[in-house]
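Notes to accompany the following structure.
FYI, it's all coordinate maths here, none of it is from the lab. From a predicted model like this one, the values you see are computed outputs, not experimental measurements. Cβ: placed from backbone, ideal geometry, glycine included. Neighbour counts: every protein chain shown.
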Amino acid sequence: MTSQILLTSSEGTEFLVDRDIADKSMLLKCMLEDIGDIGQAVPLPNVSGPILTKVIEYCAHHRNDPNFQSANDDASADIGEWDLEYCKVDQGTLYELILAANYLDIKPLLDLTCKTVANMIKAKSPDEIRKTFNITNDFTPDEEDQVKRENGKFSSGSSLKTEKNDSG
Amino acid sequence: MSPLTTTSILSPRSLRKRSLPTLPSELILHIFKFLTTPHDLRVAILVCKLWCTCGMDLLWSRPALLSSSVVEQITQTLSLEPSEMTFPYRDHVRRLNFSLVARDLVDEELVRFACCTRLERLILQGCTQITPDALLRILMAGQALVSLDLSEITTVGDSVIEQVATYCTKLHTLYIASCNAVTDSSISKLAQSCPSLKRV
């Protein structure tokens, strides 16, 4: 019989989850390894019911992935079809998922959701980005010009693969 | 057998309104790590001040020295007076790889990077026009250097290695292929001064 644990969302809703799915969260995995099986529910005051549902859905779908932990490491790799559909949610939900994945320490989900937001930023102008995310421009025109001048046309070397010493 | 049971009713109104600007900085930074083209990062820093601060370290920690004109532009920014700079750019620079501009790099350009006192990795492979005088200026600012590549700079001899021993005590890797003027005596001084040295 598969071991199960009980999780409680911020509103007090209870979720019964198989142990191997809960273990996708490093936070829960370590907690359960330390404490062992507990009869009481694990409270997750930072995660609402609807978001916890989505998180569990992700972990359940990927429960048998052998390469789960490094799944979305590569910034230039395409997002898989199921993951793409999974991320078709409104922006508020997407950000809540980022926060939940960070809190629960589920790296592949954090990487997936952050990559999704990054894809919404790509190939846009600053103004288009501001409109997409409802961000106020708090630069004065002078400040904006100065940042542009100082940062000009050069780029970050993180995409270069020619460096010898490439460890973190 | 379903993996979960729930008594909640999914309702969009139960979600708090969460927006991108309210994410903590480290998560905004994590998002920026997935901006794969340099152009996108340069655009992102112009969106608002928070994004600018978050993106600045990514942009400047490892600036891509693709051509002499890019090097010129970077040094212009680094040479600004601290009071004129929007950000302390020089403090963000941690890796410099000059191998793509190696043949053209001259002393005057190199020494303008001597203000980057938090530099950890420096690659000068093939920079054959660089003289020991310019190297000294860089090394004097190199207290944080852990990795140094001086390969193919044939003017590098014992005096340069001794300066490395004096100033770069945190060094763990040194590349000196084709630096035929270097002898064992300076290498042993290096080994004595740099307790972390793993590879020469």
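Find how much the distance from A:R149 to A:D105 grows on full extension, using 0.36 nm per residue of separation minus their present alpha carbon separation; answer in nm with one decimal. Show your work: numbers first, answer last.
Values: separation 44, 0.36 × 44 = 15.84 nm, distance 3.88 nm.
Result: 12.0 nm gained on full extension.
Quick one: helix A:26-35 against the long Cα principal axis of chain A, what's the angle to the nearest 10°, folded into 0 to 90?
30
Looking at the protein assembly as shown from every direction and averaging, what is the projected area of its Cα convex hull in nm²? Please list the in-between numbers first.
Details: hull surface 89.6 nm².
If I average the Cα hull's projected area over directions, I get 22.4 nm².
Please go through the stretch B:67-114 and write out the GluC sites (Glu not before Pro) that DSSP classes as loop and that have at most 16 other C-beta atoms within 10 Å.
For GluC sites (Glu not before Pro) across the stretch B:67-114 that sit outside H, G, I, E and B with at most 16 neighbouring Cβ atoms in 10 Å, the list reads B:E84.
Using a Gaussian network for chain A with springs between C-alpha atoms less than 10 Å apart, which of these wobbles most: A:T113, A:T132, A:T140?
A:T140
To two decimal places, what compactness ratio does the stretch B:102-200 give when its Cα radius of gyration is scaled by 2.2 N^0.38 Å?
Details: Rg = 12.1 Å, N = 99, 2.2 N^0.38 = 12.6 Å.
Cα-based Rg divided by the globular estimate yields 0.96.
What range in chain B is the longest one free of trypsin sites (Lys or Arg not before Pro) that are in a loop by DSSP and have at most 12 other Cβ atoms within 10 angstrom? Intermediate values should be presented prior to the final figure.
On the way: sites that count: B:R16, B:K17, B:R103, B:K198.
With a cap of 12 other Cβ atoms within 10 Å, the longest stretch comes to B:104-197.
For chain A, with a Gaussian network of springs between Cα atoms less than 10 Å apart, report the residue from A:K29, A:K131, A:K88 with the top mean-square fluctuation.
Highest fluctuation among the options: A:K131.
When a/c reaches 1.5 or more, the comparison of a/b and b/c decides; with that in mind, is the stretch A:6-103 rounded, prolate or oblate per its Cα gyration tensor? Can you show the working numbers first?
Details: a/c = 2.14, a/b = 1.37, b/c = 1.56.
Oblate, since a/c reaches 1.5 and b/c is not below a/b.
Calculate the spin-label point distance for A:D142 paired with B:R118, positioning each point 7 Å from the Cα along the beta-carbon direction, and give it in nanometres.
Each label point is offset 7 Å from its Cα along the Cβ direction, giving 2.7 nm.
Got the relative contact order for chain B handy, in percent, Cα pairs under 8 Å and 6 or more residues apart?
Reported relative contact order: 13 percent.
If you take the C-alpha gyration tensor of chain B, multiply each eigenvalue by 5 and take the square root, what semi-axes do you get, largest first, in whole Å? Don't skip to the end; give the middle numbers.
Values: eigenvalues 377, 92, 42 Å².
So the three semi-axes of chain B are 43, 22, 15 Å.
Ratio to report: Rg/Rh of chain A, with Cα atoms as the point set and Rh obtained by the Kirkwood method; give two decimals. Could you put the intermediate results ahead of the total?
Working: Rg = 19.9 Å, Rh = 18.7 Å.
Reported Rg/Rh, Kirkwood definition of Rh: 1.06.
Among the listed pairs A:K24/A:K115; A:K131/B:K49; A:K107/A:K148; A:K115/B:K170; A:K88/A:K131, which are separated by more than 26 Å between their Cα atoms? Kindly include the intermediate steps, with their values, before the conclusion.
Values: A:K24/A:K115 19 Å; A:K131/B:K49 16 Å; A:K107/A:K148 34 Å; A:K115/B:K170 36 Å; A:K88/A:K131 19 Å.
Flagged as over cut-off: A:K107/A:K148; A:K115/B:K170.
Which of B:T154, B:T183, B:T131 moves most in a GNM of chain B, Cα contacts under 10 Å?
B:T183
Using the Kirkwood radius over C-alpha pairs as Rh, can you work out the diffusion coefficient of the stretch B:53-131 via Stokes-Einstein at 10 °C, viscosity 1.306 mPa s, in µm² per second? Don't jump to the answer; show the numbers that get you there.
Details: Rh = 12.8 Å.
In µm²/s, the coefficient is 124.
Toward the positive end of the charge dipole of chain B, about the Cα centre and with charges on Cβ (Lys, Arg +1; Asp, Glu -1), which of B:S193, B:H172, B:T86 goes farthest?
Farthest along the dipole direction, towards plus: B:T86.
With the crude spin-label approximation of a point 7 Å out along Cα→Cβ, what separation in nm comes out for A:L6 versus B:S79?
In this crude label model, A:L6 to B:S79 measures out at 7.0 nm.
Quick check: Cα centre of the stretch B:154-200 to Cα centre of the stretch B:36-72, how many Å?
Using only Cα atoms, the two centres lie 33 Å from each other.
I'd like the orientation of helix A:91-104 relative to chain A: the angle between its Cα long axis and the longest Cα principal axis, in ° from 0 to 90, rounded to 10.
For A:91-104 against chain A, the angle is about 60 degrees.
Grab the Cα-Cα distance for B:S185 and B:T154, subtract it from 0.36 nm times how many residues apart they are, and report the gain in nm with one decimal. Walk me through the numbers on the way to the answer.
Details: separation 31, 0.36 × 31 = 11.16 nm, distance 1.76 nm.
Using 0.36 nm per residue and subtracting the Cα-Cα distance, I get 9.4 nm.
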